[in-house]
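Data block below; observations after.
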Amino acid sequence: MCCDLKRRFLLLYATQKGQAKAIAEEICLQAGAHGLEADMHCLSEMDKYNLETEKDPVVIVISTTGTGDPPDTARKFVKKIRDKTLPPDHLAHLQYGLLGLGDSEYTFFCNGGKTVDRLLQELGAQHFYDTGLADDCVGLELVVDPWIDGLWLALKEVFLLQKEKEGMSNNVSADPRAGHEMNLSSKIQDLKLEDEGVRSFDDPSQKLLDINVASTRDTEPSLVHSVPPISQSALNIPVLPPEYIEVQFQDTQGENPHPSSLLSEGAAFEVPVTKASQLTRKDAIKTALLLELDIADTAFDYQPGDAFCVICPNNVSEVEELLHILGLSEKGENFVCVKVKQDTKKKGATRPQHIPERSTLKFILTWCLELRAIPKKAFLRALVECTSDAGEKRRLQELCSKQGASDYTRFIRESNVCLLDLLHAFPSCKPSLNLLIEHLPKLQARSYSVSSSNLYQPGKLCFVFNIVEFPACPTRPVLRKGVCTGWLAELVAPLLHPSKDTLDVKRESSPTEKICIFARPNNTFHLPSDPSVPFVMVGPGTGIAPFIGFLQHRQKLREKHTDWKFGETWLFFGCRHQDRDYLFKQLRCFLENGTLTHLKVCFSRDSSTAEVAQPKYVQEVIRLYAKEVARVLLKEGGYFYVCGDKKHMADDVSDAIVDILSIEMEVDKLEAMKTMAMLREAKRYLQDVWS
């Protein structure tokens, strides 16, 4: 109906790990099926678009970092629209729709999108479509898919309104305004019917598959089997993404780039691991390791409370297994040249930045691609075309379809299924190498909290981690260790369990095991700038890591500045068993020398013989010291730090503090929550948490 309307819209994205870009690409892909053209750019490419002169509608997809900030690629854009000298009608001509991505496991959910949304509104920009906030905690697709579905009608209404506005001067009627409104209302209703028709039947981006075969093998659904109604349903599956990568095999001559050369975040440093120790007993449920790195000969600098990233490879055996499944075991050491296909239909296609133009196949699979990534629906859709067995093909279609959304969440997302799991479950699926490069995201460096102080240990950097384990399950036939923690544990095994041979080698030479790291400074999770200000630290398990650095730093400051006044310090620590995983028993040394004023510990799995039940968790211990905690926060302007698991600890600690504030201030819970919000806003209640 609206074939003569203006069809272009500006599509902007800002991504930290690739999610927002992938969603923007999906929008761009679907746009063509709706007769629209997406002019897609990263928000950082400010020379390629200009919101101040933009006349077409704008669609923005933006993620949020773990600290609640907009992604790095949006920093310049945010700085520009945050300019206080701009008038409130600076972008009054602009119509936009925004999709924010975030994770409700973190405090500042979707704050990147909310920030951009607020700033655009303050400059007079208008929504043409409601803002969507997608939650990675429960599945981005639960919001993303319906938001994209509704986008097309909203865009077409904008174009129709623009056309009607342009034609108003030519409208000849006894009551021009009434005629215009009737005409417009009628056309929008037609648009709704047209759009519903496209989505249900004619849209090639939602291909309809009809099948009437019931599965009788299983009464319970699984990754590889479905049951009615989905097994008997017609399916709306996504459009097949166009291939855009070409891989050419070459000889085995040459040299791979260094993994750090693929880094876009800043300078990387290759540093030796000088010490490794196991902090937990062998019979502890989790294995915690402490590693010491020598940074003396580098420009790497940090403060206690900072984080840093480790550049890590995929598991060697998983790489070999994937090569075997792909039938490329003999070509692992061959160099490959990765280019964009000349005849690709993908608009603006470029070689992914994390893929070198020339390297060995094994290098790409080891250092560049996140083999453990949960496959997106677009990837599943592409895998359908690589699957020969009809039953397997049908199940993959179900998993990427609208009708199979709950199955996708249950058997793919919540089960942490990765590419290897899929290839085992669907053995007739034989994807090409270019498909993996197109769909697997960049292998991300892993972030860790610093657990040391440069004052206390000059030239050294320490960090603590649990060796992550994913037990075998129906969708994962073998136990797997974390990509980085498993690799680090294997790397430092000779330091943990030295044999006579390794001891002899150590006497003759310095340690040779090195890892690549780069800084990830934390702008807020630092000691108070005023040493007289008291603070409370809560860090069960490996959450204690940054506080070891805090205490080491404070001890050296006390030794150096005997005339300074130092505020009191509290530490609440918890673990399962006192004799198995009490990570830093030397905390008592800080207590004895006065660096630490109060140490409160609890053990959740130890049985107690006391008449009164002992508290098992840090949040319970904190409640016992309600008056002291309230005094530090309310009367003495103190700080409160929390580090560790968010879902099972940090939220409970936050709830405990709200209750304490409510009781000690003698106010209702709502007022206490407002005070808590003020503490967060003032950067006096700080979290370094993970999910």
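The values are calculated or read from the model by the stated rules, or taken from the named source; none is laboratory data. Please read these numbers as outputs of a predicted model, since none were measured by experiment. We place every Cβ from the backbone using ideal geometry, glycine too, and count neighbours over all the protein chains shown. With ligands, DNA and RNA removed, areas are computed over all heavy atoms of the protein, side chains included. Shrake-Rupley method; radii C 1.70, N 1.55, O 1.52, S 1.80 Å.
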Please determine, by comparing only the residues of the stretch 620-669 that are under 30 Å from the mean Cα position of the chain (by Cα) and charged (D, E, K, R), which one is surrounded by the most Cβ atoms within 10 Å (Cβ to Cβ). K646
Report, ordered by the first and then the second residue, all pairs with beta carbons closer than 6 Å, sequence separation of six or more or different chains, a first member in the stretch 419-439 that is more than 16 Å from L365 (Cα to Cα) and open to solvent by 10 Å² or more (accessible area, probe 1.4 Å), and a second member that is of a type in the set (S, T, N, Q) and assigned to a loop (DSSP other than H, G, I, E, B). S428/S388
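Tell me which strands (runs of 3 or more DSSP E) are completely within the stretch 1-108 and hold 1 or more residues being within 29 Å of E681 (Cβ to Cβ), or say none if there are none. Write out each step before concluding.
Numbers: elements: 8-14, 37-42, 58-62, 95-102.
Output list reads 8-14, 58-62, 95-102.
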Which of the numbered conditions does K339 fail, given that it passes all the others? Conditions: (1) crowded, with 22+ Cβ neighbours inside 10 Å; (2) touching a strand residue (DSSP E or B) at 6+ places or on another chain (Cβ under 6 Å). (1)
I'd like to know if the stretch 10-28 contains one or more residues that are farther than 21 Å from V239 by Cα, over 22 Å from the mean Cα position of the chain (by Cα), of a type in the set (D, E, K, R) and assigned by the TED database to the domain that holds L101. no
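Let's see how each residue does on (1) assigned to a loop (DSSP other than H, G, I, E, B); (2) over 30 Å from C575 (Cα atoms):
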residue: G305; (1), (2): yes, no
residue: V310; (1), (2): no, no
residue: V319; (1), (2): no, yes
residue: R351; (1), (2): yes, yes
residue: I355; (1), (2): yes, yes
Whether any residue in the stretch 477-498 is at pLDDT below 90 and of a type in the set (K, R) is what I want to check. no
Restrict the check to the stretch 37-44 and report whether at least one residue is of a type in the set (S, T, Y) and under 22 Å from K163 (Cα atoms). no
Could you please find all residues in the stretch 560-591 being part of a strand (DSSP E or B) and not aromatic (F, W, Y)? T569, L571, G574, C575
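Looking at the stretch 588-597, which of its residues are touching a residue at least 24 places away in the same chain (Cβ under 8 Å) and open to solvent by 50 Å² or more (accessible area, probe 1.4 Å)?
Start the filter on the stretch 588-597 by keeping residues that are touching a residue at least 24 places away in the same chain (Cβ under 8 Å), which leaves 590, 593-597.
Answer for the stretch 588-597, where residues must be touching a residue at least 24 places away in the same chain (Cβ under 8 Å) and open to solvent by 50 Å² or more (accessible area, probe 1.4 Å): N593, T597.
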From the list L133, L94, which residue is over 28 Å from the mean Cα position of the chain (by Cα), without any contact (Cβ under 8 Å) to a residue 60 or more places away in the chain and buried (at least 16 other Cβ atoms within 10 Å of the Cβ)? L94
The stretch 298-323: number of residues that are in contact (Cβ under 8 Å) with a residue 40 or more places away in the chain and either closer than 30 Å to F584 by Cα or open to solvent by 40 Å² or more (accessible area, probe 1.4 Å) (or both): 17
Criterion first (surrounded by 22 or more Cβ atoms within 10 Å (Cβ to Cβ) and either among the small types (G, A, S) or not in a strand (DSSP E or B) (or both)) does L371 satisfy it? no
